[in-house]
1. All but one of (1) part of a loop (DSSP other than H, G, I, E, B); (2) among the acidic types (D, E); (3) under 14 Å from the mean Cα position of the chain (by Cα) hold for D208; which doesn't?
2. Would you call F116 over 24 Å from L18 (Cα atoms), modelled with pLDDT of 70 or more and of a type in the set (F, W, Y)?
3. Can you name every residue in the stretch 333-356 that is assigned to a loop (DSSP other than H, G, I, E, B) and among the β-branched types (V, I, T)?
4. So which residues in the stretch 314-332 are touching a Lys or Arg at 6+ places or on another chain (Cβ under 8 Å) and outside any strand (DSSP E or B)?
5. Before we move on, is P151 surrounded by fewer than 17 Cβ atoms within 10 Å (Cβ to Cβ), of a type outside the set (A, V, I, L, M), under 22 Å from L106 (Cβ atoms) and at pLDDT below 95?
6. If a residue has to be modelled with pLDDT under 90 and either under 20 Å from V340 (Cα atoms) or surrounded by fewer than 16 Cβ atoms within 10 Å (Cβ to Cβ) (or both) to count, how many in the stretch 1-18 make the cut?
7. Could you go through the stretch 167-181 and let me know if any residue there is closer than 30 Å to H242 by Cβ, surrounded by fewer than 21 Cβ atoms within 10 Å (Cβ to Cβ) and at pLDDT below 95.
8. Among the residues of the stretch 205-216, is any among the aliphatic types (A, V, I, L, M) and open to solvent by less than 10 Å² (accessible area, probe 1.4 Å)?
Amino acid sequence: SPSVQLLASASEDGTVRLWDTRLGRAIRCIDAFDRAAVQLVGWGAPKGALPNALWAASGKSILAFDLRSTDDVLVRAPSLVQAFPLEEDDEISALALHHQGHSLALGDDNGGLHLFDITSPADGAVALDQRAKVDAHSTVLSALAFRPQSPRDLVSTGLDCRIALWETVDMRKPAWAALMTPNSDSLSTTPSSSTQQSFNPPFVHTLDCHPEGRYFAAGLGDSSVAVYHAPSRSLCRRLQGHTAPIAHVHFARFHPELLLTAGNDCHVGMWKLPELQGAGKSGKKARRKASASGGDRGPEGPDGGDPSNPLQPNFFLPHGRRINCLASHTHSPVFFVADVEAEITFYDTARLDLAAPHADGLQVEDDADDDGGTMMRFEVV
C-alpha cells in the first residue's frame, strides 16, 4: 500500500482485510460484498481521482473504498459501487490500476479487456467512464498490468496461452502478441526434488512488471516462467524449477534483481536475474543512455540474456500449502504469501545470501532456518 505498512487481502469469505505488517495481524475488515467471494484487490495511486483508494472486484462489480472516510474497524458501505456489464455467467477475472491514477483496466472470463478512465465529477463522486472494450483473448483473461515508466502500455495474458501488449491510445489490436509453446524442459526436476511433473499446457496464469518497467514475467501452466524484455519484445528467460503450474509471479520491491515465483507445488522460488543488473536508479541512467544512442536494443547481462541458458533459483522455499498470491515490502527485505488458509505468511530474507544458487533449497522451520531466513504467520483475530 502507499502507507508501506498496510497489506490488503481478498478472500472467498466475502471480505477484504487490511493487515498491519508491523503488528502481524489484521486490523480492519471490509464486509460490503453480500458474502460473495472477492477475487481481486488493488491499491490506487497516491495521485488521481481517488487517492490511495482500495479497489476490489467481486463477481461483476468493482468497488472502491476511501479508507480515510471512517475509523471503524468494520466498513460495510463502500465509497463507490459500479456494476460491470458482463454476460450472464461471466465475472471480473483481472484488475490493474494505472500508476498515475487515471485509468483502470479490467478483464473478464470471456477474454474481454475493458479500459476505463477514472473521473471525478463536480459533485465530488468518482465514476468510471469506459474508454475501450476489446476481445483480447479467446478464453479467460487471467492477468493485466500497466507497464511502469511507459504510461501507454498495458500487458494482458490469457488461458489461451497468449501474451499481448497494448497501446492504450489505440486498442483496436495489440501492438505485439506472443503464443506460448510448451517448454522443452517441462519435465525437468526441481532443485529440491527428483520427482518429474506431468505435462500441462502453457496457459498463462499470472503476470507482473518490474517496477523499473523494462521487463515483465509471466507464469505458465507448464510450470515455467517466461521473462520478457518489453522494449525489444524479446524473450530473455524461460525459468524452469517448479513441478506444477505457476500460481503467481512477483518482482520483489525490496531487491531490484529478484523475481519471486509460486507454484502449485507449494514452493516459492527466488531468482536473481542477470538481466536486471543495474535496475533501479542506475537503470534510469541506462534508459537515458540507450535513448541517446538510438534506442533500447535488448537485454544485456553476463550471459547475454540467452533464453536457452538455464538459470537455477537462488533459493527454493517449501511453503507446505498451496499458494495463491505473493507480495513484498518496499523498504524491508520481506515478502508475504497468501495461501489456502485464512492467514498471511511473512518471510524475512535479511540474512539470506543471494550471491549464488543454493541447489538444495531453503528449508524453513516455524521460526527460523539455518540459512538465516525467518518466517511468521499473520492470523485473523
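The values are calculated or read from the model by the stated rules, or taken from the named source; none is laboratory data. Since the model is a prediction, treat every value here as computed from it, not as a measurement. Counting neighbours? That spans all protein chains shown, and the Cβs are built from the backbone with ideal geometry, glycine included. For accessibility, only protein heavy atoms count, side chains too; no ligands or nucleic acids. Shrake-Rupley method; radii C 1.70, N 1.55, O 1.52, S 1.80 Å.
1. Result: D208 passes all but (1).
2. yes
3. Of the stretch 333-356, the ones assigned to a loop (DSSP other than H, G, I, E, B) are 333, 340-342, 349-356.
Scanning the stretch 333-356 gives V340, T349.
4. Looking only at the stretch 314-332, we keep the residues that are touching a Lys or Arg at 6+ places or on another chain (Cβ under 8 Å), and these are 314, 328-330.
Across the stretch 314-332, the qualifying residues are N314, H329, T330.
5. Values: surrounded by fewer than 17 Cβ atoms within 10 Å (Cβ to Cβ): yes; of a type outside the set (A, V, I, L, M): yes; under 22 Å from L106 (Cβ atoms): yes; at pLDDT below 95: yes.
The answer is yes for P151.
6. Let us first name the residues in the stretch 1-18 that are modelled with pLDDT under 90, namely 1-6.
Those left that are additionally either under 20 Å from V340 (Cα atoms) or surrounded by fewer than 16 Cβ atoms within 10 Å (Cβ to Cβ) (or both): 2-5.
Final tally of qualifying residues: 4.
7. yes
8. First pass over the stretch 205-216, keeping only residues among the aliphatic types (A, V, I, L, M): 207.
From what's left, open to solvent by less than 10 Å² (accessible area, probe 1.4 Å): none.
Looking for residues that are among the aliphatic types (A, V, I, L, M) and open to solvent by less than 10 Å² (accessible area, probe 1.4 Å), one finds none in the stretch 205-216, hence no.
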